[in-house]
1. Quick query: amide H of PHE454 versus all other amide H atoms, modeled in the peptide plane; which residues come in under 5 Å with a sequence gap of 5 or more or a different chain?
2. Say the dipole of the chain comes from +1 at the beta carbon of Lys and Arg and -1 at that of Asp and Glu; which of ALA442, THR237, GLN120 then lies farthest toward its positive end?
3. Taking H as built 1.01 Å from N, whose amide H comes closer than 5 Å to the amide H of GLU113, not counting residues under 5 places away?
4. Using a 10 angstrom Cβ neighbour count of at most 13 plus a DSSP loop assignment to flag exposed trypsin sites (Lys or Arg not before Pro), which longest range of the chain is free of such sites?
5. Roughly how tilted is helix 22-34, in degrees to the nearest 10 and between 0 and 90, from the longest Cα axis of the chain?
6. Could you work out the relative contact order of the chain? I mean the mean sequence separation of Cα pairs under 8 Å and 6+ apart, divided by the number of residues, in percent.
7. Dipole size in debye (nearest 20) for the chain around its Cα centre, Lys and Arg Cβ +1, Asp and Glu Cβ -1?
8. Can you give the percent of C-alpha pairs in the range 158-270 whose distance is more than 19 Å?
Amino acid sequence: MRLSKHKQQVNDITLFALDDDPLMVDTLRSYFQGVGFNVDTDTEPLRAIERIREGHYDILILDFLMTPICGDQVVEQIRQFNQDIFIILLTGHKSLAPPIKTIRNFDIQAYYEKSDRFDQLELLVESCVKSIRQMKLIRKHQKDTAQLTEALPELYCQKDPQRLGQTILKTAGSLWSELQGLLLVIVTHRPDNQSPLAVFRSGNLLANFDSPQLPGWLQKMQTVAKDHPKYMFSQLTDPQEQVLGGLLIKLKNPPSPYQSQLFQLFSSQISGVLTNYANTALLNNNYLEMIKAIRKMVDARDIYTSGHSDRVSYLAHRLAMYIGKDDAFCERVRVAGLFHDIGKLAVPDRILLSDQRLEDEDRQIINKHPLYGYNMLESLSLFKNITEIIYSHHERIDGKGYPDGLTGDEIPEEARMITIADAFDAMSSHRRYRQSKTHEEAIEELIRCSGTQFDAEYVKHFIAMLSEDRDAIEADLASLKKAYLQEI
Ligand SMILES: [Fe+2]
């Protein structure tokens, strides 16, 4: 890259010329400004050191013999706070040049014997410029890679496609300052479908991406990138080459080789993120399928309690959300609600389905269902966080519950919520041995047993929740019942 002397341009390299001879600094200034550099000058070595400390300079050209301190002493001080600036030392005559040891020790890139012509000096500066540009590129690469690596944990933990897309957009924006537009299409766990699962776009993109068909989107993105040099496109795939989406970005100028490389790196990381997202979604689907199957086994035992687990789960989960518990807590309540009676699978039909009042012996067997449930789920890691809740869902605040007779706060909070939902739904449903209570009657019973059987605080919240949104809750409960009857 030889700069033309005739073409006055300002490049991004800033040069500092230091000489105690004002004529020399003026000459250096006009010469290097003439070939396109930003140039600053000084004739006072000590002042120059401070200016270099405060400002940003890429190259320092300085005289060796100066007062009050010489060039090598100036360099020694500058190197204490700046290792990056490239330094060219000017000497009056070869015999006056600093010893090679000094040049090495202070990392001086070159020294130059003063002459009337500056061609050779310009060549030296150009070679420094090449190294500076390479160094800047390496630094940028390190910075971009670090930025991408820092963004990955956040990307990997996103469960919601909307948030995932927004986070990808944000990360891309931080990597390409010249980004003018971005289009991201996500397919994830629906690789064989025809329409994109989610589409995110920002900025101005040339083409109209209005095809409802996924292949149309990807093809169009590819065509735009091929026809327009400012665009880059990458198909996002999993390790088996299944298409998970596409990424198209538009820059202000055609991408440099470095920007293309960074785009490839970014795309491959995003492919990894989407693969993880798709696998998690699949795992969750399998998990939910399994939950549904086991839950049906419990409810199918007894037509009178059909859908009971669904409704307990719904009411307890809604209560947890109403109280303002965090997502993880609410999810535990929801799943534990679905499985709270799974231990009943181990109770014989003659006891579980009996129309008669149970003998003490049989009552003891049925009262073991929380323990049976605990034992059934304990070995499955998926259910580890709900086994204690299931174990305690028949405990009472006053300690008269089972299996352990725990009191008050000893009972897990989640279990205290499920107990209320369980009792409310049981009272509100027909059983073979009695008619159902109205919601008002069921609420009265909750109040009567508040502080003895049930957690008084949670009962209060439960009643408030019901009265605030009664119609919606009743509609939800009715539709859960309907859905259940349709399924069996
Ligand atoms: Fe139960």
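Coordinate-derived values only; no laboratory data. All values reported here derive from a predicted model rather than from experimental measurement. Cβ atoms come from the backbone with ideal geometry, glycine included; neighbour counts cover every protein chain shown.
1. Under 5 Å from the amide H of PHE454: ILE397.
2. Result: GLN120.
3. Long-range HN contacts for GLU113: THR91.
4. Looking at the chain, 8-116 is the longest stretch - no exposed trypsin sites (Lys or Arg not before Pro) with at most 13 other Cβ atoms within 10 Å.
5. The angle comes out near 60 degrees.
6. This gives 7 percent for the chain.
7. Value, rounded to 20: 1460 debye.
8. The proportion of pairs with Cα distances above 19 Å equals 41 percent.
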